[in-house]
1. Just one of the numbered conditions (1) modelled with pLDDT of 90 or more; (2) open to solvent by 30 Å² or more (accessible area, probe 1.4 Å); (3) under 19 Å from L162 (Cβ atoms) is not true of Q18; which one?
2. Can we say E105 is among the acidic types (D, E), modelled with pLDDT under 85 and under 23 Å from the mean Cα position of the chain (by Cα)?
3. Name the residue that is nearest to T90 (Cα to Cα), counting only residues in the range 158-197 that are basic (K, R) and open to solvent by 80 Å² or more (accessible area, probe 1.4 Å).
4. Within the range 133-157, restricting attention to residues that are of a type in the set (V, I, T) and either open to solvent by 70 Å² or more (accessible area, probe 1.4 Å) or farther than 15 Å from E19 by Cα (or both), which residue is modelled with the lowest pLDDT?
5. Quick check on I69: is it out of contact with any His (no Cβ under 6 Å at 6 or more places or on another chain), at pLDDT below 85, within 23 Å of I187 (Cβ to Cβ) and of a type in the set (V, I, T)?
Amino acid sequence: SAIPDPKIRNEYKSRIRQEFSSDVFLNTIMSKVVGISSNFDKSSFELNSRRKKAIFVFGPSAAGKSFGIKSNLETLLKIANWDTSLLFHTIDGGQMRESSQLWAEMKLNRMAVIRQKLFSGEGNEDDERFESKTDYRGFTDLYSRYFKKYIHKVKDKIFDTLLLRGSNVIIPDTATSLLKDRTICKIKELAKHGYEIMFSAVIASKAKCE
């Protein structure tokens, strides 16, 4: 259920909007690059970014797309016969959540409420009905109700910016948006701007993702 208190609900909406609209947050996300080497050279990054490569990583939510691409990047680059010194920006909602102070605050609140329920005897983590990943005060759907639309806005803004720069990009994607042509539009835009595109996928069971 949603956060029941309208005052708290509106406060969260306002704070999330401010955080995700700030230049500081955008710059934090844009400053992160992924490559095989841990020693990034800025001049090398600027040079490599002009080569215009894009990697889509399809898979369900929570399937480990971000981890999978980082762990297998060298293999993918070799398969595609791409330069293994290439560096990439990731347009990753998970990375955005983990960079958000409000997301961290929400997780702490969730843990505190779960702990309180357990110690008060109101919850049992061995009970199949006990939701270990959620809490009981409306934070269950905080992401879908409050974070999701702002994360999509930041994703779109970063995509447009990196496209104009000609930067290399990695795009984790659930592929559900293929039905709405959202992903197809991104693929067409990349192709129009001269990008060479690689498609990969992470396979995971429903139980693992939940």
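1. (3)
2. Details: among the acidic types (D, E): yes; modelled with pLDDT under 85: yes; under 23 Å from the mean Cα position of the chain (by Cα): yes.
Criteria met by E105.
3. Going through the range 158-197, the residues basic (K, R) turn out to be 165, 180, 182, 186, 188, 192.
Filter once more, so that each one left must be open to solvent by 80 Å² or more (accessible area, probe 1.4 Å): 165, 180, 182, 188, 192.
Numbers: R165: 14, K180: 22, R182: 17, K188: 18, K192: 20 Å.
Selected residue: R165.
4. Within the range 133-157, the first condition is being of a type in the set (V, I, T), and the residues that meet it are 134, 140, 151, 154.
If we keep only those that are either open to solvent by 70 Å² or more (accessible area, probe 1.4 Å) or farther than 15 Å from E19 by Cα (or both) too, we end up with 134, 140.
Numbers: T134: 42, T140: 55.
Step by step, filter the range 133-157, then rank; the result is T134.
5. Numbers: out of contact with any His (no Cβ under 6 Å at 6 or more places or on another chain): yes; at pLDDT below 85: yes; within 23 Å of I187 (Cβ to Cβ): yes; of a type in the set (V, I, T): yes.
In short, yes.
The values are calculated or read from the model by the stated rules, or taken from the named source; none is laboratory data. What you are looking at is a predicted structure, and each value in this text was computed from that prediction instead of being measured. Backbone-built Cβ (ideal geometry, glycine too); neighbour counts: all protein chains shown. When the accessible area is computed, the model is the full protein with side chains, heavy atoms only, and any ligands, DNA or RNA have been set aside. Shrake-Rupley method; radii C 1.70, N 1.55, O 1.52, S 1.80 Å.
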